[in-house]
1. GluC sites (Glu not before Pro) within the stretch 102-187: which are DSSP loop residues with at most 13 other Cβ atoms inside 10 Å?
2. Based on other C-beta atoms within 10 Å, arrange S350, S209, S245 from fewest to most.
3. For the chain, what does -39500 (n - 2.57) per DSSP helix run (n ≥ 4), summed and divided by total residues, give at 222 nm, in deg cm²/dmol to the nearest 500?
4. Suppose R0 equals 25 Å. What FRET efficiency, 1/(1 + (r/R0)^6) with r the Cβ-Cβ distance, do E250 and W287 give to the nearest 0.05?
5. Would you mind computing, in nm to one decimal, how far apart the modelled labels at E92 and Q370 are, each placed 7 Å from Cα along Cα→Cβ?
6. Quickly work out the D232-to-L157 label distance, labels modelled 7 Å from Cα along the C-beta direction, and quote it in nm with one decimal.
7. Arrange the following residues from fewest to most other Cβ atoms within 10 Å of their Cβ: S173, S9.
8. Using a Förster radius of 30 Å, what is the FRET efficiency between E58 and L135 based on their Cβ-Cβ separation? Nearest 0.05, please.
Amino acid sequence: MKKIAVLGSTGSIGTQTLDVVRANGDIQVAAIAAGSNIKMLEAQIREFAPSVCGVWDEDKAKELAGNVSDTNTKIVSGMDGLMEIAEMDGYEILVTAVVGMIGIRPTIAAIKAGKDIALANKETLVTAGHLIMPLVKEHGVRLLPVDSEHSAIFQCLNGEHGNKIDKILLTASGGPFRGWTREQMKSVKLEDALKHPNWSMGRKITIDSSTMVNKGLEVMEAKWLFDVEMDDVQVVVQPKSIIHSMVQFEDGAVMAQLGTPDMKLPIQYALYYPERRPMGGDRLDFWAMKEITFDKPDFENFRGLALAYEAGKAGGSVPVVFNAANEMAVAKFLNREISYLEITDIIEASMRNHKKRENPTLEEILQAEQETYEFIKGDWGK
């Protein structure tokens, strides 16, 4: 029986992880955690009977504890609760499906406790890859990517140990505004940006996909996961999301992983790696598909992608600022406090304002995050 813990169990990746658990029947959920959706957490507790459940909101945690007092599940709260889950005995794989830099500390703690990591929290590597990757090696754990693109790259590299990567070809759908100019995007409303053409995702990552910021974060994540330089990761727009990513080797051969847009596939692959398990769902129909088209990314109109490459190449604390500024800007856009194009304006202004720190410690990473938030509150406060 495989035992897992899931941070972010009520979000898109978390709920689909639990779908995989249901479908297979040989995974035990030892712990779950989420932000404040205690109604869904209670249902998960009653179905999966985890020994521990974390709730970020302390008042909600107290309310949930009362609601599930007839169960054996211990309720914990805040960062201390996430850390307790990360370090606890009784499971082997931690699924990090929380959104944002909140995932860094529990990921580090879990690695030090000898847990394998099924990583869906890209911000962890974007902001702290220089800390995470040496720890993974030191503690001999596995870091298994859950993002569809990084899972695709990981799958393409199977059996290729020792063969040099010439280029990673990271695919992108282009989002709902593919082909638009910045002038056209001036009129974008929240409802427009939340309509992704291919994938069903959480609100924050859906906005990130529309701005191409998400693809920029994925480029930085790929740099750390696969030990390449930023310029070795090339974004390729593949509108139908059939090719999930590719790897080109130094002999010119290109390996690609294809499939329907279904996040349960990379989740299940990470949980059972290196075994492949049967999975229901649609299959690619090549006769119906007829063709696969590709486009170059538009760095001029989608400034978020260009700024991500700039941040990744600068390194140090600059990716922290890029990520933190985007998190706050997207939150403001979701609250209808700023316009769509101001998301990337805020990211760029924050990067220009920042004084870079080389090889930041965890404390300096969190400090840079707070400094970025304070800058934005001052210039875009409402």
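All of the numbers you see were taken from the coordinates with simple rules; none came from a lab. On a predicted model such as this, the values are computed, not experimentally measured, just so you know. As a convention, Cβ positions derive from the backbone with ideal geometry for all residues, glycine included, and neighbour counts pool all protein chains shown.
1. Passing both the DSSP loop test and the Cβ count: E160.
2. Taking fewest neighbouring Cβ atoms as first place, the list is S209, S350, S245.
3. Computed ellipticity for the chain at 222 nm equals -14500 deg cm²/dmol.
4. The value I calculate is 0.15.
5. Output for this residue pair reads 4.0 nm.
6. 0.9
7. Going from least to most buried by this count: S173, S9.
8. 0.55
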